[in-house]
Amino acid sequence: MSENTQASNVTPPPSARGDFITAAILLAFALAIIAEALRMPTFEAATGSAFTAPGIVPGFHGTVIAVLSIALAARSIYRGAFKPGGGKPVGYEGLPGISLKRLFIAAGLGIVYAVVLVGWLPFWLASSLFIAAFTIIFEWDASAPMPLRVRRIVTASILGLVVGAAVYLLFQELFLVRLP
């Protein structure tokens, strides 16, 4: 692979200021999750345990998102988010921006999964197809030799089936969550 071909496949890192703005948005989202989780009923009188409250899991997720967003904000400040230029990455000026395209592809796949596949197909199959398609699309290299491309498709398909079945069994059998 030539040097120019390799350079065009490299996604530039985000600017420090962009990371800081993302961290602020994620922190606001996390705090909203925590606030709503705290508003949920606790059922302590009925069950005698605070650990059966429905807000425990979303509260935990909100806390994790908050901690990680604070870490992202701290890293962005360290990288120069408030310096002139906003900590813009050096050496990536001439590269094409493919991050937005990849974001739209990922969002589109997520929407197809949630709106079309789940509900129309058994959950394990919908999840398997989503995982396999996601992996194939984001690992695809048209310049790779045919045997390698076939191997990647087979590997992604096996990965999709294994993870789809594992997620289904984990939620259905262990967590006792009824899935579509």
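The figures follow:
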| quantity | calculated |
| --- | --- |
| Restricting the range 74-102 to residues that are of a type outside the set (Lys, Arg) and open to solvent by 100 Å² or more (accessible area, probe 1.4 Å), the residue that is modelled with the highest pLDDT | Tyr78 |
| Residue in the range 105-122 that is surrounded by 13 or more Cβ atoms within 10 Å (Cβ to Cβ) and either farther than 30 Å from Ile25 by Cβ or modelled with pLDDT under 90 (or both) present | yes |
| The range 151-180 residues that are touching a residue at least 12 places away in the same chain (Cβ under 8 Å), paired with ones that are open to solvent by 70 Å² or more (accessible area, probe 1.4 Å) and aromatic (Phe, Trp, Tyr) (beta carbon under 6 Å, 6 or more apart) | Gly164/Trp124; Ala165/Trp124; Tyr168/Trp124; Leu179/Phe171 |
| Of all residues in the range 9-56 being open to solvent by 50 Å² or more (accessible area, probe 1.4 Å) and hydroxyl-bearing (Ser, Thr, Tyr), the one that is modelled with the highest pLDDT | Thr22 |
| Among residues of the range 149-180, those that are assigned to a helix (DSSP H, G or I) and surrounded by 14 or more Cβ atoms within 10 Å (Cβ to Cβ), counted | 16 |
| Close pairs from the range 117-142: first farther than 15 Å from Ala156 by Cβ and free of Cβ contacts under 8 Å to residues at least 60 places away in the same chain, partner among the hydroxyl-bearing types (Ser, Thr, Tyr) and surrounded by 14 or more Cβ atoms within 10 Å (Cβ to Cβ), Cβ under 7 Å, at least 6 apart | Phe123/Tyr168; Trp124/Tyr168; Ala126/Tyr113 |
| Filter result for Phe138 (of a type in the set (Phe, Trp, Tyr), surrounded by 14 or more Cβ atoms within 10 Å (Cβ to Cβ) and in a helix (DSSP H, G or I)) | no |
| Single residue of Ala114, Ala126, Ala133 found to be assigned to a helix (DSSP H, G or I) and touching a Pro at 6+ places or on another chain (Cβ under 9 Å) | Ala126 |
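The values are calculated or read from the model by the stated rules, or taken from the named source; none is laboratory data. Not measured: the values here are computed from a predicted model. A quick note on method: Cβ atoms are made from the backbone with ideal geometry, for glycine too, and the neighbour counts reach across all protein chains shown. These area figures cover heavy atoms from the full protein model, side chains too; ligands, DNA and RNA do not enter into them. Shrake-Rupley method; radii C 1.70, N 1.55, O 1.52, S 1.80 Å.
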